[in-house]
Amino acid sequence: MQPAPCILAAWAFLLLLLSLPPASSQAGKSSIAFSQPQNCAVNEFFNTVSLACDPCGPNQAKSPDGLRCVCSSTFSMRDVGNPVVECNACNITQVVSSDQRFCLQCLSRSCLCGSSQVREENFSAQTAFCANCSGLSLPNAIGNKCVPCQATFQQCKCPEANQTGGLCFPSAVTPQGNVQSAWESLFLSASFLACRDYNNLTACQLLTNIVIMNAFSLDSAAYTFYKSLPLSAKYRVEVLYSSNGADLGSTAPTGLSFQKNSQMQFKLARYDARGDFQGWQDVKGGGLQMCPDTMKRLDAAYVFGTSYSQSCTFLLSELLSRVPEPVFYELFLQYSDQGGKILLWPVPIENTNLQTTTQSTLGTTALRRFFLIDGLSGRTGSLSNEPVSVTVATSLTLSIYLPTSDPGNQPPFLLTVKYAKEDPKGSTQLSFAVSYAQSQETFKRDTDIALAVLGSLSVLYAIMETSSWVRRSRLQSIGITLVVKFLTFLSGALANVFFLIILGTGIYWLIAFKGQHSTVQVTLPPAGGQIENDFIIYLSCAFALKTLELLHIFVVQLSISIFLIDWEKPKARSTFNAAKGSPSVSIWRTFLVANEWNEIQTLRKLNPRFQLFAVLLLLEVVGLKNIAARDLNLDLQPAADSYLAPWSPILRFGISASMWLAVGAVQVIFMVVIYERFVEGKIQQFVDLCSVSNISVFILMHRCYGFYIHGRSVHGLADVNMETMIQHLRKEKENLCPLRGLEPNSEVQTFEILLSDRVRQQYDRIRAPLQEIPKRQKSRLEDDPLLDQRIKTYHTFNLFLAAFIEHVYKDMDYIVKDKLFLEQIMDMEFQQPVDKSIFYNDDGALFGRTLYYNNELVLLLFDILLFSIIDLGTQNFVLAGIITYIIQKGLEILRQVIGRKNLSAETMVEEQFLI
């Protein structure tokens, strides 16, 4: 009957081999069914390598912890660390040893020792009797029984060369090289040999942990030992995620989908430093996050679609007190298949510090296991010594790549760990983040196409504007001025192009990302990625180019030539220089018109203060700024204890620029459609004032192009008393006098003008004496001959322009006509004034181009870009609004002061009369 135990052992080994899954199925699928030790059947144990239930052998049952098998009570058991033990049946006259390792022959009638006895178990003689411990047994720690020597020691003897880590091995142990870590010197060789020779599962786990502890190099002694393990080793733990370097996305399950704000379910398999499995842990709260916070905010990291970031500073001594020994983790994504079965997919771990001597990729270096803090491997000499250094996971980033349903080459989930060696007496910065990414190639391509097309159109627009300026300025040759003009026109056009692209980008992502209601398929461009960097570059370019355009408008407006034509007929000769015939016409009407022009120079169609107030009200008080967070929430007023995701500069610009445009559009529409029609229209009031004052305004914006406001009174006189003025206005109201227009039976008082060269030459000839007077010699004294020259020039200029308007000069005449529709669209004149100048009827008061008024779009876009560029640097809407207002006001004052000086110089109205 002696062969019976051997036959049973052979059958058990055969059944164990048959129970192993084929190698192809292990390599073909990465997902596993979720199982726990308590879920295994009575005749199964929980395999901590495959994380699944494996069958026990015959006459075996699950151990109390469910992690190994034990023999029935009447069977002896041989246990060398293999969870599937060997069981041998004992006969009737034998008893099983206290540790179930041997069948012992009872030398007495009964081997049930009394309460004061210790059963002596003679393993050499295979007998048992109640006696004192002796022979090949030793008393146990509490002295209640005799226990045999360690299982690997045969006859309690082992050559010293064969011993390491408290175990005995069949052959001599090769001494390790220069290993500084006390942990490795004690357990590296022992764990390797026990895993290889005895299939000791805990030793295999311990060896794997030592490999992971070497967080800065894959070419370590531990990994060399690990690679020398035979591939057929039953409990060989996989260190690398993929042994063949395949794309990690190919291992992921397909069809994964997540709803808006759904909670991602992760599980951690925990192992202690010695390789013992500590069970499963749900990833919640501070499972992976060492920084303290409320549970609600910590759990926000696992809300799908929410970008998460947390950081803090910790003392290493405090961390070591919390985690004295490292805990090793394997991260799994929990999901359900179509049948509702819970499955687990292992999440790849990327160690950014891991160095190899060979060229590596993520597919060849991705790991399965990681740790957060290690104070063991840094101990030298003895494990009781304080660590020389501590290895800390200073940064953990969970990267999620969309779409998760079809991951492609990229794994849908990836945990990136960054380690650092720190002084245990110092402190360290810890961070945890969750980021989302998606292929942006299509969006990048579309943006590049839009930029190329619109950029080409802007070049054509700049060429057209330059051509129009050349025609209006009568430029005869190409020079630096032409190049500068082209570049300024191009800068304005390109600024609009960049603005359209970034505005479209912001609104697109607001709709595409924030507008998702069910399955999440779109995520924002990652922070610091190419799309976001391009967006910031485009925003900066738009602001810089728009600033150049605004400066160009300022230069043009502050260098216009303007003259106020006084149509009033003289009543008598003035006493001043009467010999030269100066007419005695009151100058106060001219002063009045000049002051009104001075006031409307910075008139806008919207109120800048109300604009800023309304925008800040919507963003800060109403809470629209919260839409710019990197999450899928649309809460305008989130709870105080809620996690606030980082801001997205794209969404932040999209929402703020939209509010600026919306409020600005409402203001302009209200001003033009309602306020100016029914309450007060400053521009039309200025035209009416000119008519009442009998003053016309002649403006040249370019050399031969400008505007004319016909203010000649239909009553002939304006310097009258109040009663006469009221009678004049009543006649106009009752249509008892001609219309105010330049031409008979016409009400058109504003015109675009295109002068002939002859008129312009005469214009310059009259003004030439003023250009020759040095500014330092200008005086207001009565006996100053320079003042006399200014007065003569003023009257001569007034007579010339009045005569020109009245068609006195046949060689310098003009015609009045309407612009062609295409000319209005292109803002260009096709006909050149060769012999006669051309006055184009203008019902839109285009002379406002020389003021802020007709440049509202440029000013509004400049305000938006200024506000956005400040917010980009400060991440504070209120501060951006304050700085924007200060700059607005500064530019307005500058424009007013310089414009006032130019108005005084051109109209020859002394500056002290401009209030």
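The values are calculated or read from the model by the stated rules, or taken from the named source; none is laboratory data. This is a predicted model, so every value here is computed, not measured. Backbone-built Cβ (ideal geometry, glycine too); neighbour counts: all protein chains shown. For the accessible areas, the whole protein counts, side chains as well, though only heavy atoms, and no ligand, DNA or RNA atoms are used. Shrake-Rupley method; radii C 1.70, N 1.55, O 1.52, S 1.80 Å.
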- For region 266-293, what are the residues that are in contact (Cβ under 8 Å) with a residue 24 or more places away in the chain and under 25 Å from the mean Cα position of the chain (by Cα)? 288, 289, 290, 291
- Message: Among the listed residues 270, 236, identify the single one that is open to solvent by 50 Å² or more (accessible area, probe 1.4 Å) and within 25 Å of residue 364 (Cα to Cα).
- Response: 270
- Does residue 897 satisfy being assigned to a loop (DSSP other than H, G, I, E, B) and closer than 22 Å to residue 564 by Cβ? no
- Message: List the residue pairs whose Cβ atoms are under 6 Å apart, where the first residue sits in region 854-874 and is without any contact (Cβ under 8 Å) to a residue 40 or more places away in the chain, the second is open to solvent by 30 Å² or more (accessible area, probe 1.4 Å), and the two are 6 or more positions apart or on different chains.
- Response: 870/883
- Of all the residues that make up region 592-613, how many are touching a strand residue (DSSP E or B) at 6+ places or on another chain (Cβ under 6 Å) and open to solvent by 10 Å² or more (accessible area, probe 1.4 Å)? 0
- Note on the structure: If you go through 450, 462, the only one that is outside the structural domain of residue 368 (by the TED database) and surrounded by fewer than 18 Cβ atoms within 10 Å (Cβ to Cβ) is 450
- Query: In region 640-733, which helices (runs of 4 or more DSSP H) lie fully inside it and hold 3 or more residues that are over 30 Å from residue 876 (Cβ atoms)?
  - Reply: 682-693, 722-733
- Note on the structure: Within region 746-760, residues assigned to a loop (DSSP other than H, G, I, E, B) and within 20 Å of residue 695 (Cα to Cα) come out as 746, 747, 748, 749
- Message: Checking residue 471 against (1) of a type outside the set (Gly, Ala, Ser); (2) more than 30 Å from the chain's Cα centre (by Cα); (3) open to solvent by less than 60 Å² (accessible area, probe 1.4 Å): exactly one of these is not met. Which one?
- Response: (3)
- Query: Does residue 518 satisfy the condition of being surrounded by fewer than 14 Cβ atoms within 10 Å (Cβ to Cβ), free of Cβ contacts under 8 Å to residues at least 12 places away in the same chain and of a type in the set (S, T, N, Q)?
  - Reply: no
- Note on the structure: Matching residues in region 305-336 (within 24 Å of residue 253 (Cβ to Cβ) and either open to solvent by 70 Å² or more (accessible area, probe 1.4 Å) or without any contact (Cβ under 8 Å) to a residue 24 or more places away in the chain (or both)) number 1
- Note on the structure: Counted residues in region 869-894 being of a type in the set (S, T, N, Q), in a helix (DSSP H, G or I) and either in contact with a strand residue (DSSP E or B) (Cβ under 7 Å, 6 or more places away or on another chain) or open to solvent by less than 10 Å² (accessible area, probe 1.4 Å) (or both) come to 1
- Message: Which of the strands (runs of 3 or more DSSP E) found entirely inside region 48-110 contain at least 3 residues meeting this: within 56 Å of the chain's Cα centre (by Cα)?
- Response: 52-55
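Yes/no per residue for (1) modelled with pLDDT of 75 or more; (2) among the hydroxyl-bearing types (Ser, Thr, Tyr); (3) in the same structural domain as residue 69 (by the TED database):
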{"residue": "139", "(1), (2), (3)": "no, no, yes"}
{"residue": "143", "(1), (2), (3)": "no, no, yes"}
{"residue": "168", "(1), (2), (3)": "yes, no, no"}
{"residue": "176", "(1), (2), (3)": "no, no, no"}
{"residue": "190", "(1), (2), (3)": "yes, no, no"}
{"residue": "194", "(1), (2), (3)": "yes, no, no"}
{"residue": "201", "(1), (2), (3)": "yes, no, no"}
- Does residue 53 meet the test of being buried (at least 17 other Cβ atoms within 10 Å of the Cβ), touching a Pro at 6+ places or on another chain (Cβ under 9 Å) and over 24 Å from residue 104 (Cα atoms)? yes
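Let's see how each residue does on (1) over 21 Å from residue 663 (Cβ atoms); (2) in the same structural domain as residue 606 (by the TED database); (3) over 37 Å from the mean Cα position of the chain (by Cα); (4) of a type in the set (Val, Ile, Thr):
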{"residue": "850", "(1), (2), (3), (4)": "yes, yes, yes, yes"}
{"residue": "854", "(1), (2), (3), (4)": "no, yes, no, no"}
{"residue": "861", "(1), (2), (3), (4)": "no, yes, no, no"}
{"residue": "869", "(1), (2), (3), (4)": "no, yes, no, yes"}
{"residue": "875", "(1), (2), (3), (4)": "yes, yes, no, no"}
{"residue": "884", "(1), (2), (3), (4)": "no, yes, no, yes"}
{"residue": "887", "(1), (2), (3), (4)": "no, yes, no, yes"}
{"residue": "897", "(1), (2), (3), (4)": "yes, yes, yes, yes"}
{"residue": "900", "(1), (2), (3), (4)": "yes, yes, yes, no"}
